[in-house]
Amino acid sequence: MASPRREPGPIPPARLPGGVWAFPARDGLPSAPPGATHFPTLPDSGPTPMIRIETETANDVLAREALLDRAMGPARRLKPSERLREGRLPAEGLALVARDGDRLVGSVRLWNVSAGGVPALLLGPLATDPAVQGRGVGSGLMQVALNRAELAGHRAVILVGDPEYYARFGFAGELTCGLVMPGPVDRRRFLAVDFTGRTLAGAGGQVVATGAPERDLARIAA
Ligand SMILES: CC(C)(COP(=O)(O)OP(=O)(O)OC[C@H]1O[C@@H](n2cnc3c(N)ncnc32)[C@H](O)[C@@H]1OP(=O)(O)O)[C@@H](O)C(=O)NCCC(=O)NCCS
């Protein structure tokens, strides 16, 4: 069954490569114009006027890992999803960070997997700095990541997370009922979004990592 598409809502979906993001009006702040690549932070968030969503660079790795430890604790490394990420590179163009000035305040990455034989992406971890939570940064990262994924030709995204949060981006549990993660997961939290409405229909079996091995990074850089 197709999961509900992401609601177009009042916000034009970000459609251009490069992290285009239009931000909803919130707490009296104006929406960014369609096509804007930045959105305003709340007035009390310090001297830097904008939070930007950008592609992660090698210089971000330490700050990203520290952010994930702060937001999720060390137990994050024990999750079954981690088995699909360890030793792999994220999907091309799908490691994103949010920056407030020079400070990294959010992170999301997507990973190539086979979902019972069907090419798909695994999303996660998603985290934002506690200092900026509730300001739309998590939603911004999700919107940009999903739009980039769809633009890049990916057809479905799976994740393990709270349905109460991810439903707003179109994620639902029905599409994963035939899929098996590499470890025990709460089925209620095993979710997917299907951009085509038919990619995951009938998909069944193990979710396995298909991302490029990390050692390829050294080869690419050489
Ligand atoms: C989940 C997380 C990424 C959201 O980031 P954020 O920048 O606060 O997200 P947004 O500002 O876009 O959205 C905030 C909204 O989501 C809600 N929300 C946040 N986490 C939620 C959760 N686990 N379940 C349900 N709703 C949640 C907030 O209550 C808030 O609701 P509101 O808009 O009605 O006020 C952030 O809280 C975080 O890093 N948490 C710790 C790491 C984590 O648990 N990540 C996995 C999420 S399952």
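On the given criteria, is L146 under 15 Å from the mean Cα position of the chain (by Cα), closer than 21 Å to C177 by Cα, more than 7 Å from the ligand (Cβ to nearest atom) and buried (at least 23 other Cβ atoms within 10 Å of the Cβ)?
Values: under 15 Å from the mean Cα position of the chain (by Cα): yes; closer than 21 Å to C177 by Cα: no; more than 7 Å from the ligand (Cβ to nearest atom): yes; buried (at least 23 other Cβ atoms within 10 Å of the Cβ): yes.
It is false that L146 is under 15 Å from the mean Cα position of the chain (by Cα), closer than 21 Å to C177 by Cα, more than 7 Å from the ligand (Cβ to nearest atom) and buried (at least 23 other Cβ atoms within 10 Å of the Cβ).
Counting only residues that are more than 13 Å from the ligand (Cβ to nearest atom) and without any contact (Cβ under 8 Å) to a residue 60 or more places away in the chain, which one in segment 102-121 is surrounded by the fewest Cβ atoms within 10 Å (Cβ to Cβ)?
D102
Run down G124, G170 and say which single residue is within 16 Å of the ligand (Cβ to nearest atom) and either of a type in the set (F, W, Y) or within 12 Å of the chain's Cα centre (by Cα) (or both).
Matching residue, one of G124, G170: G124.
G140: among the small types (G, A, S), closer than 19 Å to A115 by Cα and either within 16 Å of the ligand (Cβ to nearest atom) or assigned to a loop (DSSP other than H, G, I, E, B) (or both), yes or no? Break it down stepwise before answering.
Values: among the small types (G, A, S): yes; closer than 19 Å to A115 by Cα: no; either within 16 Å of the ligand (Cβ to nearest atom) or assigned to a loop (DSSP other than H, G, I, E, B) (or both): yes.
No; evaluated as a whole, the condition is false for this residue.
Quick one: what pairs do we get from segment 159-172, first residue among the aliphatic types (A, V, I, L, M), second assigned to a loop (DSSP other than H, G, I, E, B), C-beta under 6 Å, 6+ apart or different chains?
V160/V185; A172/S3
For segment 131-145, what are the residues that are under 15 Å from A192 (Cα atoms) and either touching a helix residue (DSSP H, G or I) at 6+ places or on another chain (Cβ under 6 Å) or of a type in the set (V, I, T) (or both)?
M142
Here is a yes/no grid of residues against (1) touching a helix residue (DSSP H, G or I) at 6+ places or on another chain (Cβ under 9 Å); (2) within 15 Å of the ligand (Cβ to nearest atom); (3) over 23 Å from A203 (Cβ atoms):
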site	(1), (2), (3)
R70	yes, yes, yes
R85	no, yes, no
A95	yes, no, yes
D129	yes, yes, yes
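I'd like the full set of residues that are aromatic (F, W, Y) and part of a strand (DSSP E or B), limited to segment 175-210.
F190
Where a number appears in this text, it was derived from the coordinates with a stated rule and is not lab data. Please read these numbers as outputs of a predicted model, since none were measured by experiment. So basically every Cβ, Gly included, is an ideal-geometry build from the backbone, and we count neighbours across all protein chains shown.
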